[in-house]
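This is the structure I have questions about; it appears just below.
The values are calculated or read from the model by the stated rules, or taken from the named source; none is laboratory data. Just so it is clear, the model here is predicted, and its values are computed rather than measured. Note that each Cβ is placed from the backbone with ideal geometry, even for glycine, and that neighbours are counted across all protein chains shown. SASA here: full protein model, heavy atoms, side chains in, ligands and nucleic acids out. Shrake-Rupley method; radii C 1.70, N 1.55, O 1.52, S 1.80 Å.
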Amino acid sequence: MMGSFSYVRAGSVKQAVAALAHDGARLHAGGTDLLGCLRDRVFDAGSVVSISGIEELGGIAALSGGSVRIGALATLAEIASHPLIRERYPVLAEAAASAASPQLRNQGTIGGNLCQRPRCWYFRGDFICTRKGGSLCYAFDGENRYHCIFGGDGCYIVHPSDAAPALVALDAQVSIAGPGGSRTIAVEDLHILPKQDIRRETSLEAGEIVTEIVVPPPRAGLRSTYRKVRERGSWDFALVSVAIAAVVAAGKVSAARVVLGGVAPKPWRSIAAEAALIGHAIDESAAMRAAAGAVEGAQPLAQNAYKVPLLRGALEEAVMSLARP
Amino acid sequence: MSTHGDDEKGGVSRRGFLGGVAGFIGVTAVGSTAEATPVPKAEIYEASGLSKLTLQVNGRTHSLLVEPRWTLLYVLRDRLGLTGTKPGCERGECGACTVLFDGVTRYSCMTLALEAEGHEITTIEGIMAGEALGPVQQSFADEDAFQCGYCTPGQIVAVEGLLRQNASPSIDEVREGVSGNLCRCGAYGHIFKAAMRAAAMKQVS
Ligand code: FES
Ligand code: FES
C-alpha cells in the first residue's frame, strides 16, 4: 500500500513548478514509475503533482526548419507509431517500441521515461544504499548481474531508458522549466554519473520539469537503428542496447553517434566506436572494430562479465543492419 | 476546468478537508488575478480525508469519495463492485488489471483513480454485447483460451484494445498486443487463436 499523499492537478507548467517547491512533492506524468516507487516505498510523497492534463505538454509535430518537437507527455506508444518519427528517426521509433509492455507504453511518457528511477533491486528494495543516502552499494559485492560495466563509482546502476540512448544518438535537445525559468540542454547532458551526484540520475534541479524534446532535422544520408538484447522476449529492460545514428555519404560514414544502453548509469556514448566507423564503409571489419572500441575500458563486476561479449555482438549486428539504407 | 469544488481566490480550488498542505494556496496564487478572465486552477485533493471524484465507467457516471492514493483498480473493484478486473501483481507486470482508458489499454493498478477523471473507462463488464458475450469474450470461450481463468479478463481487454487499433492483426501483432499480459497457466497458444478468431468475428459483424 502506498503511503498517503495529497494530489495536485496542475493546470499549467507554472502551477506545477510552484507546487513542486514544497517538501516531499513528486511529479506525476504517466505515473508508471512514480507509483512503482511509492508502492515499493523507495520514497514517500507528501504531495503528488500531476501534469497529465496539461495539453501544451503533449503532441508530436514538425517544426519549421525540419526538426520535430515531442512534448514531454507524448507517450512511448505515440512515439513508436508516429509517421514522422518512424520515417525520419527509426532509432527512436524502434527504441520506444521496445520499451516495456503495450499497456505501459500507452501510459508512460517520454519525459517520465527520461527521468525514471533506476531498477537496481537494492535501490527498489529495503536497502539504504548510497543512492538513498546510505554508505554502501549493496550491488557491488552482491547480486550484480544486471548492473553496469562502465561509469560505476560508489553506485553501479544502469540507466533503464531505451529512448534516452536513441535521443542522445540523434543529438536531441531537452527543454526544462523550473523556478528560475526555462532552459534547454542536450539530452546528452541530462543524465549524470554517480561521481557527479550519487543521489540523482539527472541534472534536473529541485522543482524542474522536462517540458519538451526537440530532435534536429535528419541529415541527408542518415541511417539509424536500435538493437536491444533482453532476457525475456515479451518485455524486459535491456541487458545491453545499442543506438546508432550514422550519416553515410558516397559510400562512407561521414558522421556517427553510437550510444549504449544497459551498461552504464547513463546513456553511454562510445567515442571509440564512433571513430572506428567514421571515414569507412559499413562492412564487417568496421563493425568488428567499432565493437572492439565499444568495450574498451569495460570494468565488469563479479556477475556481469557476460555483458562485454553481448555488447560486442549487439553492436556488430546494429552496425551491419545499417549497411544498406 | 473544474466544474465542482469550491473555487477560492488565488486560482486554487480545494476539495475535502483543509489539511497539512495549506501552504499551497499562497504558492499557486502566483500568476492569478482577480479579473473575470478564468485562470486555470490547480486543484488540490487533501491527503487526509475523502474527496469527490466523478468517473465514467462503461458508459455510466459514478460519483464517489476517494483518497488520492487509491488506484483505479481498487476503486473499480472495491468501491464500484466491478470485480471482473483482477488484481495480480499490483505493480504493472502481469496485466490482470488491464482496462481501456479512452479506448486504449492500461494497467489500472498503476493508475491513480483521480487520474481517470474526465476519461472514459471500459472494463471487462463493459465489453458485453448487451446480455450476450462480446465477440472477444465469445472467442475466448470458443477457443478454450484459459485454464484457471484468472488472467482472462485482462487478456480479453488487451485483445479488445488491440482490435480497436488494428482490426486485422497478424499473429505476430497479436503476440505483441498481449505481451503485457501474463498467463500463469500458459494458455498462450489458445489466447492467440482466440484473438485471431475475435478479429474475424468482429469483421463479419
Ligand atoms: S495487477 Fe496490474 S499489472 Fe499486475
Ligand atoms: S488461465 Fe490461469 S492464469 Fe491464464
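Residues to consider are A:K252, A:K228; find the one that is open to solvent by less than 30 Å² (accessible area, probe 1.4 Å) and basic (K, R).
Result of the check over A:K252, A:K228: A:K228.
Tally up the residues in segment A:19-40 that are within 7 Å of another protein chain (Cβ to nearest Cβ), within 23 Å of the chain's Cα centre (by Cα) and not hydroxyl-bearing (S, T, Y), please. Reasoning before the result, please.
Initial filter on segment A:19-40 (within 7 Å of another protein chain (Cβ to nearest Cβ)): A:19, A:21-22, A:31-32, A:35-36, A:39.
Still in the running and within 23 Å of the chain's Cα centre (by Cα): A:31-32, A:35-36, A:39.
With the extra rule that they be not hydroxyl-bearing (S, T, Y), the set shrinks to A:31, A:35-36, A:39.
Total meeting the criteria: 4.
Which ones in segment A:151-174 are outside any loop (DSSP other than H, G, I, E, B) and either of a type in the set (K, R) or within 15 Å of A:R269 (Cβ to Cβ) (or both)?
Our first condition is that a residue be outside any loop (DSSP other than H, G, I, E, B); within segment A:151-174, this holds for A:163-169, A:173-174.
A:A164, A:P165, A:A166, A:L167, A:V168, A:A169, listed by residue number.
Looking for whichever is surrounded by fewer than 19 Cβ atoms within 10 Å (Cβ to Cβ) and touching a residue at least 24 places away in the same chain (Cβ under 8 Å) here; the options are A:S203, A:S175, A:S161. Which one fits?
A:S175
Return the residues of segment A:2-37 that are over 20 Å from A:Q116 (Cβ atoms), out of contact with any helix residue (DSSP H, G or I) (no Cβ under 8 Å at 6 or more places or on another chain) and open to solvent by 30 Å² or more (accessible area, probe 1.4 Å); say none if nothing qualifies.
A:S4, A:K14, A:D23
Can I ask one more? I'm checking my understanding of the structure. Among residues of segment A:124-153 that are touching a Cys at 6+ places or on another chain (Cβ under 6 Å) and closer than 26 Å to A:I185 by Cβ, which one is surrounded by the most Cβ atoms within 10 Å (Cβ to Cβ)?
Out of the qualifying residues, it is A:R131.
Next question, about the same structure. Looking at segment B:51-70 only, could you name the residues that are in contact (Cβ under 8 Å) with a residue 40 or more places away in the chain and surrounded by fewer than 15 Cβ atoms within 10 Å (Cβ to Cβ)?
B:K52, B:T54, B:G59
Next up: For segment B:171-198, what are the residues that are open to solvent by 10 Å² or more (accessible area, probe 1.4 Å), of a type in the set (A, V, I, L, M) and more than 16 Å from ligand 2 (Cβ to nearest atom)?
B:I171, B:M196, listed by residue number.
List pairs: first residue in segment B:135-159 and in contact (Cβ under 8 Å) with a residue 60 or more places away in the chain and farther than 17 Å from B:V174 by Cβ, second residue part of a helix (DSSP H, G or I) and within 16 Å of ligand 1 (Cβ to nearest atom) anywhere in the structure, Cβ distance under 7 angstrom, at least six positions apart or on different chains.
Here the result reads B:P153/B:I124, each pair linking segment B:135-159 to a residue that is part of a helix (DSSP H, G or I) and within 16 Å of ligand 1 (Cβ to nearest atom).
Can you spot a residue in segment B:76-91 that is over 21 Å from B:A158 (Cβ atoms), among the charged types (D, E, K, R) and within 16 Å of ligand 1 (Cβ to nearest atom)?
yes
Here's something else I'd like to know. Applying the selection to segment B:113-169, what residues are more than 16 Å from ligand 1 (Cβ to nearest atom), under 23 Å from B:R77 (Cβ atoms) and acidic (D, E)?
B:E117, B:E120, B:E125, B:E131, B:E160
Let me ask another. Among all residue pairs at least 6 apart or on different chains, which show Cβ distances below 7 Å where the first residue, located in segment A:128-151, is without any contact (Cβ under 8 Å) to a residue 24 or more places away in the chain and the second is in a loop (DSSP other than H, G, I, E, B) and surrounded by 21 or more Cβ atoms within 10 Å (Cβ to Cβ)?
A:C137/A:C155; A:C137/A:Y156
Another question, if that's okay. Just a yes or no: is a residue in segment B:166-174 under 22 Å from the mean Cα position of the chain (by Cα) and within 13 Å of chain A (Cβ to nearest Cβ)?
yes
Are any of the residues in segment A:231-245 of a type in the set (F, W, Y) and not in a loop (DSSP other than H, G, I, E, B)?
Looking through segment A:231-245, none of the residues is of a type in the set (F, W, Y) and not in a loop (DSSP other than H, G, I, E, B).
A:A72: open to solvent by less than 20 Å² (accessible area, probe 1.4 Å), touching a Leu at 6+ places or on another chain (Cβ under 7 Å) and either within 14 Å of chain B (Cβ to nearest Cβ) or closer than 16 Å to A:A172 by Cβ (or both), yes or no?
So A:A72 passes the test.
Which number in (1) farther than 24 Å from A:R9 by Cα; (2) touching a Phe, Trp or Tyr at 6+ places or on another chain (Cβ under 9 Å); (3) surrounded by fewer than 16 Cβ atoms within 10 Å (Cβ to Cβ) marks the one condition that B:Q155 misses?
Among (1) farther than 24 Å from A:R9 by Cα; (2) touching a Phe, Trp or Tyr at 6+ places or on another chain (Cβ under 9 Å); (3) surrounded by fewer than 16 Cβ atoms within 10 Å (Cβ to Cβ), B:Q155 violates only (3).
Counting only residues that are among the basic types (K, R) and touching a strand residue (DSSP E or B) at 6+ places or on another chain (Cβ under 6 Å), how many does segment A:153-201 have?
1
What residue, of B:S139, B:S168, is more than 22 Å from A:R232 (Cβ to Cβ), open to solvent by less than 30 Å² (accessible area, probe 1.4 Å) and of a type in the set (S, T, N, Q)?
B:S139
Moving on. Consider B:E120 carefully, then state whether it is away from chain A (no Cβ under 12 Å), in contact with a Gly (Cβ under 6 Å, 6 or more places away or on another chain), touching a residue at least 60 places away in the same chain (Cβ under 8 Å) and open to solvent by 50 Å² or more (accessible area, probe 1.4 Å).
Criteria not met by B:E120.
Here is a list: A:L92, A:L84. Which entry is open to solvent by less than 10 Å² (accessible area, probe 1.4 Å), in a helix (DSSP H, G or I) and away from chain B (no Cβ under 14 Å)? Show your work before the answer.
Values: A:L84 fails: open to solvent by less than 10 Å² (accessible area, probe 1.4 Å).
From the options A:L92, A:L84, the qualifying one is A:L92.
Just the residues that are over 12 Å from the mean Cα position of the chain (by Cα), more than 11 Å from chain A (Cβ to nearest Cβ) and open to solvent by less than 40 Å² (accessible area, probe 1.4 Å), please, taken from segment B:81-95.
B:G84, B:P87
A follow-up question, please. Being more than 8 Å from chain A (Cβ to nearest Cβ) and open to solvent by less than 30 Å² (accessible area, probe 1.4 Å) is the filter here, so list the residues in segment B:96-108 that pass it. Talk me through it step by step, then tell me what you get.
As a first pass, look at segment B:96-108 and keep what is more than 8 Å from chain A (Cβ to nearest Cβ): B:96-97, B:99-100, B:102-103, B:108.
Scanning segment B:96-108 gives B:A96, B:C97, B:V99, B:L100, B:G103, B:S108.
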